[in-house]
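Structure record follows, encoded as structure tokens.
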Amino acid sequence: MRIGIVGGTGDFGQGLAERLHRAGEEVVLGSRKPHDEFVSNDEVCRLCDVVFLSIPPQAVAEMCSELASDLGGRIGVSVASPIVFRDGLPAAAPAELSLAEQAQLAAPSCRIVAGFHTVSAQALARADDPLREDVLLCGDDEEAKAVVAELAERIVEGRAVDAGRLEVARWMEPMTAVLLNVNRRYKANAGVRITGLP
């Protein structure tokens, strides 16, 4: 299986790529401006079975619309969160539909799974340090969720937790703002663990 990262030049994409490489996965990095090891975002989608959409929140719908035909039949992992900064502090400004749902509407033949919103880009980048946390996932395609869950459990020491249908991303995505504030307050890169599961 080949894994692509649209927007692979950012901190999240770079950290994820390194951890996936170390897990033995083949990773293709995409960029709006191909250079060096980066190919175009549309080529990433054509080449890969699973595509992480590491896209700024304000660009999710437009970019997924542009890539819709190339994303057809692929598993797309939406990791964006509706983060804004007010007086220098992180907050969330969610719309009626989550960014993941917007991605699904823009690329209807892509199998969108939302997840990784509680995994810090800074923690991902420290590839030698274990990620002692869980990954929350939601989506309407059970097979796609299972594929992403297997990948997630190769990256974190915790587990992939199925949080339900794609609409759950409406409440999951803003959790990034909660963790940004926690991590700012405690000067940490904390994640989330779900307790009490069988």
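So, Glu96, is that one surrounded by 15 or more Cβ atoms within 10 Å (Cβ to Cβ) and over 17 Å from Met175 (Cβ atoms) or not?
Against the criterion (surrounded by 15 or more Cβ atoms within 10 Å (Cβ to Cβ) and over 17 Å from Met175 (Cβ atoms)), Glu96 does not qualify.
Which one is nearest to Val148 (Cα to Cα) among residues in region 20-42 that are among the small types (Gly, Ala, Ser) and part of a strand (DSSP E or B)? Steps first, answer last, please.
Within region 20-42, the first condition is being among the small types (Gly, Ala, Ser), and the residues that meet it are 23-24, 30-31, 40.
Those still in the list that are part of a strand (DSSP E or B) too: 30-31, 40.
Working: Gly30: 19, Ser31: 22, Ser40: 23 Å.
Among those that are among the small types (Gly, Ala, Ser) and part of a strand (DSSP E or B), it is Gly30.
Note down all Cβ pairs under 6 Å where the first residue falls in region 103-130 and is open to solvent by less than 10 Å² (accessible area, probe 1.4 Å) and part of a helix (DSSP H, G or I), the second is modelled with pLDDT of 95 or more and of a type in the set (Gly, Ala, Ser), and they're at least six residues apart or on different chains.
Sorted first by the residue in region 103-130, then by its partner, the pairs are Ala103/Ser78; Leu124/Gly15.
Across region 38-77, which residue is farthest from the chain's Cα centre (by Cα) among those that are of a type in the set (S, T, N, Q) and surrounded by 22 or more Cβ atoms within 10 Å (Cβ to Cβ)?
Asn41
Yes/no matrix, rows are residues, columns are (1) small (Gly, Ala, Ser); (2) surrounded by fewer than 18 Cβ atoms within 10 Å (Cβ to Cβ); (3) over 14 Å from the mean Cα position of the chain (by Cα):
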| residue | (1), (2), (3) |
| --- | --- |
| Asp134 | no, no, no |
| Gly139 | yes, no, no |
| Arg154 | no, yes, yes |
| Leu166 | no, no, no |
| Trp171 | no, yes, yes |
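Taking the condition part of a strand (DSSP E or B), in contact with a helix residue (DSSP H, G or I) (Cβ under 9 Å, 6 or more places away or on another chain) and in contact (Cβ under 8 Å) with a residue 60 or more places away in the chain, does Val77 pass?
For Val77, the condition - part of a strand (DSSP E or B), in contact with a helix residue (DSSP H, G or I) (Cβ under 9 Å, 6 or more places away or on another chain) and in contact (Cβ under 8 Å) with a residue 60 or more places away in the chain - is met.
Only one of Asp36, Asp42 is of a type in the set (D, E, K, R) and in contact (Cβ under 8 Å) with a residue 12 or more places away in the chain. Can you tell me which?
Asp42
Sort out which residues of region 46-91 are out of contact with any Ser or Thr (no Cβ under 7 Å at 6 or more places or on another chain) and closer than 16 Å to Leu179 by Cα, and write them in order of number.
Hits for region 46-91 are Ala80, Pro82, Val84, Phe85, Arg86, Gly88, Leu89, Pro90, Ala91.
Taking region 173-198 only, how many residues are over 19 Å from the mean Cα position of the chain (by Cα), outside any helix (DSSP H, G or I) and among the polar types (S, T, N, Q)?
1
Which one of Ala177, Ala106, Ala114 is touching a Cys at 6+ places or on another chain (Cβ under 6 Å), of a type outside the set (D, E, K, R) and farther than 19 Å from Leu16 by Cα?
Ala106
The values are calculated or read from the model by the stated rules, or taken from the named source; none is laboratory data. Since the model is a prediction, treat every value here as computed from it, not as a measurement. Quick reminder, even Gly has a Cβ in these numbers, built from the backbone with ideal geometry, and neighbours come from all protein chains shown. These accessible areas exclude ligands, DNA and RNA; they are computed on the full protein's heavy atoms, side chains included. Shrake-Rupley method; radii C 1.70, N 1.55, O 1.52, S 1.80 Å.
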